[in-house]
Amino acid sequence: MKPDPSLTTNDLLPSLERFWAVSAQKIELLNREYDDSQGSPVFTVAGKYTTRGWTEWTQGFQYGSEILQFDATGDETFLEMGKRNTVKKMAPHITHFGVHDHGFNNVSTYGNLLRLMNEGRIPENEWERNFYVMALQASSAVQAKRWTDLPSGGYIYSFNGPHSLFADTIRSLRVLAVGHQLGHSIMGENDKKTSLLERLVQHAKTTADYAVYYGEGRDFYDTWGRTAHESIFNLNDGNYRCPNSQQGFSPFTTWTRGLAWIMVGAPEQLEFLKTIDDAELEPLGGRDAIEAFLVKMAKATCDFYIENTATDGIPYWDTGALNTHKLGEDVYQRESDPFNDAEPVDSSAAAIGAQGLLRLGKYLDDPKYTQAGLTVMKTLLSDKYLSLDPSHQGLILHSVYHRPNGWDHIPEGQSVPCGESCMWGDYHARETALYIQRLANDDPYYKFYL
């Protein structure tokens, strides 16, 4: 991609104002038209949100979007909407033992509400606060209980089972961080207590060691910043066996949404660790070592994104998919083309990755990453990707959910999925928009932790 070196957060404020107006219309439209009895909305088909039974991992994004809308605009209609839906519908997600998505569902709802109370944006209420705290404490322990021990540490396993580590889950570590800050831990047999911070650090280290490549010769396709969606382990002896991919093209290509989850998850944890005393980190390897592997992972993945993305900052769904060669050798020297006839772009990866680029740029004080993040967001806010059709329920166009399974809608006359939205793409576009808006207005820094 080609980051715009002159772009500033203030330059995006007019586009952000339009964005939040469109966002409000989409939230109201979805609440008016979507049938909740179907299950959680996942992605759009011909502009209408539909569900897809796999795991319930998107409902927190739906109601979290309502809370972010209030955060950005001050419109209390959306605050009441988000509160009401969180109380009424999110309880099953707190104790959902079958998913690795607690940071997605519960930090996006209960966590955002607690954050707003801490910021003084919503009135202090003791019992309301206790409700949010208890939900996050329980969610953090349930998430951390999905644990596979390894000789060198361990990881939170995916819904595929104890042998499976997903790249996605580093972004869900935020619930372990919040749980730890709230003084919580996991209690096991004989009252054995396990630290949530310990599990957070160990999972992040396992992700860094196995899900990310650094050009150090792990395999023939080892390139700086390439990622594997899934890492497989032998549970008999704890040894790593191979990379895999559930939603990408292959184990040896980079599914860009998996890449994006790591891009944002690693810098967020670096920010969070600033709140932790050195003494707490010493038995886990020490601050210097922990921060070193997180910085290496964050820089590698963000560098790979910049190197393997169209000039306007929007990636194709997988950097090595079957028909990528048909896009031409200059595919990353020109703007993204959502309507091509070879492979789809994935705007949801861009919405997630943009925030990672911005956070890493701020953490390192490195304009390389900051300017890249702003460039990505400028494109997402443009007419090319912002959903301006008032009848379309999605907010950001041209996302992809599961290309290998053929779940994504291909409009008549097109060869690849395009023109559709997804709940995680819409939510993360709102998160990134709020992040930039707060920086531009010199408001409190937008963070997930306490």
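Going through the stretch 335-348 one residue at a time, which ones are in contact with a helix residue (DSSP H, G or I) (Cβ under 7 Å, 6 or more places away or on another chain) and either surrounded by fewer than 24 Cβ atoms within 10 Å (Cβ to Cβ) or within 21 Å of L270 (Cβ to Cβ) (or both)?
N340, A342
Quick one: would you say G111 is of a type in the set (G, A, S) and either within 22 Å of I436 (Cα to Cα) or assigned to a loop (DSSP other than H, G, I, E, B) (or both)?
Criteria met by G111.
Restricting to the stretch 212-222, name every residue that is out of contact with any helix residue (DSSP H, G or I) (no Cβ under 7 Å at 6 or more places or on another chain) and under 19 Å from C302 (Cβ atoms).
Taking the stretch 212-222 first, the residues out of contact with any helix residue (DSSP H, G or I) (no Cβ under 7 Å at 6 or more places or on another chain) are 213, 215-222.
Residues satisfying the conditions are Y213, G215, E216, D222.
Determine whether S382 is part of a loop (DSSP other than H, G, I, E, B), crowded, with 19+ Cβ neighbours inside 10 Å and at pLDDT 95 or above.
Considered against the rule, which asks whether it is part of a loop (DSSP other than H, G, I, E, B), crowded, with 19+ Cβ neighbours inside 10 Å and at pLDDT 95 or above, S382 comes out as no.
Check G98 against each of (1) in a helix (DSSP H, G or I); (2) closer than 27 Å to R199 by Cα and name the one condition it does not meet.
If we test G98 against (1) in a helix (DSSP H, G or I); (2) closer than 27 Å to R199 by Cα, just (1) comes out false.
Which numbered condition in (1) in a loop (DSSP other than H, G, I, E, B); (2) within 23 Å of the chain's Cα centre (by Cα) is the only one that T207 fails?
Tallying (1) in a loop (DSSP other than H, G, I, E, B); (2) within 23 Å of the chain's Cα centre (by Cα), T207 fails exactly one: (1).
Which of the residues spanning the stretch 101-130 are touching a residue at least 60 places away in the same chain (Cβ under 8 Å) and surrounded by fewer than 24 Cβ atoms within 10 Å (Cβ to Cβ)?
L114, R115, N118, E119
Mind checking which residues of the stretch 114-124 are β-branched (V, I, T) and part of a helix (DSSP H, G or I)?
None - no residue of the stretch 114-124 is β-branched (V, I, T) and part of a helix (DSSP H, G or I), so the list stays empty.
Looking at (1) farther than 14 Å from E66 by Cα; (2) of a type outside the set (D, E, K, R); (3) surrounded by 20 or more Cβ atoms within 10 Å (Cβ to Cβ); (4) in contact (Cβ under 8 Å) with a residue 40 or more places away in the chain, which is the only condition A138 fails?
Against the list (1) farther than 14 Å from E66 by Cα; (2) of a type outside the set (D, E, K, R); (3) surrounded by 20 or more Cβ atoms within 10 Å (Cβ to Cβ); (4) in contact (Cβ under 8 Å) with a residue 40 or more places away in the chain, A138 comes up short only on (3).
Limited to the stretch 268-305, what total is found for residues that are of a type in the set (D, E, K, R) and part of a loop (DSSP other than H, G, I, E, B)?
Looking only at that region, the number is 2.
Tell me, which residue of the stretch 319-329 that is surrounded by fewer than 24 Cβ atoms within 10 Å (Cβ to Cβ) and either polar (S, T, N, Q) or at pLDDT below 95 (or both) is farthest from the chain's Cα centre (by Cα)?
My answer is N323.
Go through Y316, Y332 for me and flag whichever is surrounded by fewer than 24 Cβ atoms within 10 Å (Cβ to Cβ), touching a residue at least 24 places away in the same chain (Cβ under 8 Å) and hydroxyl-bearing (S, T, Y).
Y332
Cβ-Cβ under 8 Å, sequence separation 6+ or interchain: first residue in the stretch 260-278 and closer than 17 Å to Q181 by Cβ, partner among the acidic types (D, E) and not in a loop (DSSP other than H, G, I, E, B). Which pairs?
What qualifies is L270/E291; L273/E291.
If you go through the stretch 416-423 one residue at a time, do you hit one that is part of a loop (DSSP other than H, G, I, E, B), among the β-branched types (V, I, T) and more than 21 Å from G361 (Cα to Cα)?
yes
Considering R199, R171, R218, R146, which residue is free of Cβ contacts under 8 Å to residues at least 24 places away in the same chain and either of a type in the set (D, E, K, R) or crowded, with 24+ Cβ neighbours inside 10 Å (or both)? Reasoning before the result, please.
Details: R199 fails: free of Cβ contacts under 8 Å to residues at least 24 places away in the same chain; R171 fails: free of Cβ contacts under 8 Å to residues at least 24 places away in the same chain; R146 fails: free of Cβ contacts under 8 Å to residues at least 24 places away in the same chain.
Just a single option satisfies the conditions, and that option is R218.
Of all helices (runs of 4 or more DSSP H) completely enclosed by the stretch 1-91, which ones contain at least 1 residues that are surrounded by fewer than 17 Cβ atoms within 10 Å (Cβ to Cβ) and acidic (D, E)? Before the answer, list the steps.
Working: elements: 13-33, 59-73, 76-89.
Ranges flagged: 13-33, 76-89.
Look at the stretch 143-182 and say how many of its residues are in a strand (DSSP E or B) and either charged (D, E, K, R) or under 20 Å from the mean Cα position of the chain (by Cα) (or both).
Number of matching residues: 6.
Can you say whether S231 is out of contact with any Cys (no Cβ under 7 Å at 6 or more places or on another chain), of a type outside the set (A, V, I, L, M) and not in a loop (DSSP other than H, G, I, E, B), as far as the supplied structure shows?
yes
For G265, indicate whether it is out of contact with any strand residue (DSSP E or B) (no Cβ under 9 Å at 6 or more places or on another chain) and not in a helix (DSSP H, G or I).
Working: out of contact with any strand residue (DSSP E or B) (no Cβ under 9 Å at 6 or more places or on another chain): yes; not in a helix (DSSP H, G or I): no.
Against the criterion (out of contact with any strand residue (DSSP E or B) (no Cβ under 9 Å at 6 or more places or on another chain) and not in a helix (DSSP H, G or I)), G265 does not qualify.
The values are calculated or read from the model by the stated rules, or taken from the named source; none is laboratory data. Bear in mind the structure is a predicted one, so any value in this text is a computation, not a measurement. Cβ sites come from the backbone with ideal geometry, for glycine too, and all protein chains shown count toward neighbours.
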